[in-house]
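FYI, it's all coordinate maths here, none of it is from the lab. Owing to the predicted nature of the structure, the values given are computational and were not obtained by experimental measurement. Cβ placement follows ideal geometry from the backbone for every residue including glycine, while neighbour counts extend to all protein chains displayed.
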Amino acid sequence: MVEDLVKEKALALADAILELDVYKEFLEVEAKLKEDEVAQELLAEFQQKQQSFVTKQLSGEFDQQILGELTEIQSKLNTRESVVNFLEAYNRLLSVLGEITDLISERIQLDLGEVYRK
């Protein structure tokens with residue numbers, strides 16, 4: 001059970017994150033990505049092919065054709081401005097959140113990010 005004071009401080013931190021320019025920018029580019037019908041179709045196709053590839057891989061098959069199709073879709077995605085902008089904004093946001101986690105880790109002398117780096 002989280003103490004009320006800690007909960008209050010955590011919510012205040014979340015509220016502060018919501019006000020960061022990097023977070024607001026992320027929301028803007030995420031909305032643009034969702035509006036990009038071509039990108040959405042490519043993403044859906046990529047996810048479907050990826051699932052097929054993994055399913056075959058789990059059964060011991062390696063499907064070079066699906067891998068080639070995935071690579072082709074990925075190349076097309078990488079040319080979409082909405083996708084590139086989203087990934088850049090997402091990575092900037094993750095970097096800021098990582099810095100926040102590092103600050104908390106340092107203060108409590110416990111590496112909270114260690115589990116994610118393994």
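Dipole size in debye (nearest 20) for the range 4-117 around its Cα centre, Lys and Arg Cβ +1, Asp and Glu Cβ -1?
Using only the charged Cβ atoms, the result is roughly 240 debye.
Return one number: the angle in degrees, 0 to 90 and rounded to the nearest 10, between the long axis of the Cα atoms of helix 64-78 and the longest principal axis of the Cα atoms of the chain.
Tilt of helix 64-78: around 60 degrees.
How much length, in nm to one decimal, is gained on full extension between Gln57 and Glu45, taken as 0.36 nm per residue of separation minus their Cα-Cα distance?
Full extension of this stretch gives 2.5 nm more.
Quick one: P(r) of the chain from all Cα-Cα pairs, 10 Å bins, percents rounded to integers, in order of increasing distance.
With a bin width of 10 Å, the distribution comes to 12, 26, 27, 23, 11, 1.
If the cut-off is 27 Å between C-alpha atoms, which lysines fall inside it for Lys76, apart from same-chain ones fewer than 8 positions away?
The qualifying lysines are Lys24, Lys32, Lys34, Lys49, Lys56.
Relative contact order of the range 29-98, please, whole-number percent, based on alpha carbon pairs below 8 angstrom and at least 6 residues apart.
41 percent
So which chymotrypsin sites (Phe, Trp or Tyr not before Pro) in the range 20-118 are both in a DSSP loop and have at most 13 other Cβ atoms within 10 Å of their Cβ?
Answer in residue order: Phe62.
Could you go through the range 28-42 in sequence order and give the Karplus-derived ³J(HN,Hα) for each residue, using 6.51 cos²θ - 1.76 cosθ + 1.60 with θ = phi - 60°, rounded to whole Hz, and x for Gly and Pro?
Computed from phi, the couplings for the range 28-42 are 5, 6, 5, 4, 5, 5, 5, 7, 7, 4, 5, 4, 5, 5, 5 Hz.
Can you compute the modelled spin-label distance between Glu81 and Glu8, with each label point 7 Å from Cα toward Cβ, in nm?
4.7 nm
Would you list, by chain and number, the aspartates and glutamates whose Cα falls below 15 Å from the Cα of Lys7, excluding same-chain residues fewer than 8 positions away?
Asp15
Using a 10 Å Cβ count of at most 15 others and DSSP loop calls, identify the longest part of the chain lacking such GluC sites (Glu not before Pro).
62-118
Starting from the Cα of Glu30, move 7 Å in the Cα-to-Cβ direction to define the label point; list residues of the range 76-118 whose amide nitrogen is under 20 Å from there.
Within reach of a label on Glu30: 81-101.
Apply the Karplus curve 6.51 cos²θ - 1.76 cosθ + 1.60, θ = phi - 60°, to the phi angles in the range 92-105 and return the couplings in whole Hz, x for Gly and Pro.
Listing the rounded values in order: 5, 5, 4, 5, 5, 5, x, 4, 5, 4, 4, 4, 5, 4 Hz.
What distance in nm separates the two pseudo spin-label positions at Val38 and Ala16, each 7 Å out from Cα along the beta-carbon direction?
Placing both labels 7 Å along Cα→Cβ, they lie 4.2 nm apart.
Go ahead and set up a Gaussian network model of the chain, Cα springs under 10 Å, then flag whichever of Leu42, Leu58, Leu33 fluctuates most.
Leu58
May I ask you to list the aspartates and glutamates whose Cα is less than 18 Å away from that of Lys9, ignoring any residue fewer than eight positions away on the same chain?
Glu19, Glu99, Asp102, Glu106
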